[in-house]
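The structure under discussion appears below in the form of structure tokens.
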Ligand SMILES: Nc1ncnc2c1ncn2[C@@H]1O[C@H](COP(=O)(O)OP(=O)(O)OP(=O)(O)O)[C@@H](O)[C@H]1O
Ligand SMILES: [Mg+2]
């Protein structure tokens, strides 16, 4: 098996006096889709938030591409190449579809790379190409999900 690109070991995290995660360990392999399944309220979102520095890590480690990113601030984690797409149809409703997509490219400095990435996204999700100049808040639920996936 190839080496894991994301490794969470013995992670403890929670809110206030309560721990929600009590020493969880998970791995995600390169070029694989890894699903985290569990009952409502069991702590799936808390795990993602802890990886992204949105919930403090109390114990344990998070490694990404061989680097210890435990407790890093969110913007630093994202700059390493990790992205999170939160649940719900969240877009910037009063910005155009194109501007929403561009928001997902804020770390890329190369205009050429942004342009080619945008082309690929528009080919993958043609509805977005048709609607690139309209407010994202006027999209249907399905198109919103395309927009968020593409930007993330
Ligand atoms: N901001 C918060 N403050 C206090 N407790 C919270 C907070 N967010 C979540 N919790 C609690 O932490 C526990 C885990 O919640 P979490 O959202 O991680 O679960 P989940 O597995 O993602 O659930 P779902 O399947 O509903 O998305 C729940 O008991 C929840 O009530
Ligand atoms: Mg959740």
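Read-outs: derived from the displayed coordinates by stated rules, not from any lab. Small disclaimer: the values here were computed from a predicted structure and weren't measured. Cβ coordinates were reconstructed from backbone atoms using ideal geometry, including for glycine residues, and neighbour counts include every protein chain displayed.
Binning the C-alpha pair distances of segment 59-131 at 10 Å intervals from 0 yields a P(r) profile of 15, 39, 31, 13, 2 %, listed from the shortest bin outward. The mean of 1/r over all pairs of different alpha-carbon atoms in the chain, once inverted, gives a Kirkwood hydrodynamic radius of 17.2 Å.
Among 64, 135, sorting on how many other beta-carbon atoms sit within 10 Å of each Cβ, with the fewest leading, yields 135, 64.
The simple spin-label model puts a point 7 Å past each Cα toward its Cβ; for residue 138 and residue 35 those points are separated by 3.7 nm. Compared with the dominant Cα axis of the chain, that is its longest principal axis, helix 111-124 is turned about 90°.
As I understand it, the value is the acute angle between the Cα axis of helix 141-151 and the longest principal axis of the Cα atoms of the chain; what does it come to in degrees, rounded to 10? So the inclination is approximately 70 degrees.
Footprinting exposure proxy ranking of 65, 107, 101, 82, fewest other C-beta atoms within 10 angstrom first, gives 107, 65, 82, 101.
When 34, 70 are arranged by Cβ crowding within 10 Å, least crowded first, meaning fewest neighbours, the order is 34, 70. Note on residue 87 and residue 110: the model spin-label points, each 7 Å out from Cα along the C-beta direction, lie 3.7 nm apart. Using only the C-alpha atoms, the convex hull of segment 4-79 corresponds to 87 Å³ per residue. Across all Cα pairs in segment 97-151, the calculated P(r) in 10 Å bins from zero up to the longest distance comes to 26, 58, 16, 0 percent per bin.
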